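J.: Dumping the structure here so I can ask a few things about it.
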Amino acid sequence: QVVHHGSNMSTGAARNAGMALAQGEYVHFVDADDMILKDSYRYIVDQLMQYQADVIYIDFVRDVDYMTPVHSMGVDYCGPIKQFLKDHPVSVLVWRKIIKRSFIERNEIRWENINYGDDTAYTWNMLRNEGTLLYSTAKIYSYRTNENSTVRTRSLDGLKRSVRNMLVTNI
């Protein structure tokens, strides 16, 4: 379903609109320039059926074609989110997480209306809740490098804005 927005709206506003229309059991926010590898969700569904986690943390490869098969299937961790945070480094990239929609709704997790650093704010708002996290070593996502992206061309002012937005959001 296509959702039309006014111009210059934040990514967060678009994602919140998508969430309002979502009907599936799980949600995965995929960046427009990236790809999901062939048959990836088939593998993830098998893990979901077995573990029933609230958050599935996935791995990725860089700059490969979507027809590339899934790499290194397995589970590195399954348990409470808080224990995962104590024992593992955390990526704030939201595309590394597949999230149970009922978990998002129950905890009222929403995207902030900010133009930079929204993945960071969303990830920490999500991970501060009680729930189960599954860390899958399946490399199902192709992160495509775009030298002209906002992240790659950020300025010191943009970085300051991002930190300020994250602090305001989380305080």
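The numbers here are math on the coordinates, done by the rules we state, and not lab data. Predicted, not measured: the structure shown is a model, and the values here were computed from it. We place every Cβ from the backbone using ideal geometry, glycine too, and count neighbours over all the protein chains shown.
J.: Given a Förster distance of 25 angstrom, what is the FRET efficiency for M9 paired with M67, based on the Cβ-Cβ distance and rounded to 0.05?
T.: Numbers: r = 33 Å, r/R0 = 1.31.
Plugging the Cβ-Cβ distance into 1/(1 + (r/R0)^6) gives 0.15.
J.: Under 5 Å between amide H atoms, partner at least 5 residues away or on a different chain: which partners does C78 have, H built in plane at 1.01 Å?
T.: Y135
J.: Bin width 10 Å, alpha-carbon pairs only: give the P(r) of the range 1-89 as whole percents, running from 0 to the bin holding the largest distance.
T.: 12, 36, 37, 14, 1
J.: Full extension from R144 to N115: what is 0.36 nm times the residue separation minus their Cα-Cα distance, to one decimal in nm?
T.: Values: separation 29, 0.36 × 29 = 10.44 nm, distance 2.03 nm.
Using 0.36 nm per residue and subtracting the Cα-Cα distance, I get 8.4 nm.
J.: Next question. Restricting attention to the alpha-carbon atoms of the range 41-94, what are Rg (one decimal) and Dmax (integer), both in Å?
T.: Using the Cα atoms of the range 41-94, the pair Rg, Dmax is 12.7, 36 Å.
J.: Let me ask something else about it. Roughly speaking, what is the stretch gain from V92 to L21, that is 0.36 nm per residue apart minus the C-alpha to C-alpha distance, in nm to one decimal?
T.: Details: separation 71, 0.36 × 71 = 25.56 nm, distance 2.43 nm.
Gain on extension, V92 to L21, equals 23.1 nm.
J.: How many angstrom lie between the C-alpha centres of the range 74-117 and the range 14-71?
T.: 13
J.: What net charge is computed for the residues neighbouring Y51, neighbours being all others with C-beta under 13 Å from the C-beta of Y51, Lys and Arg scored +1, Asp and Glu -1?
T.: Combined, the nearby Lys, Arg, Asp and Glu give -2.
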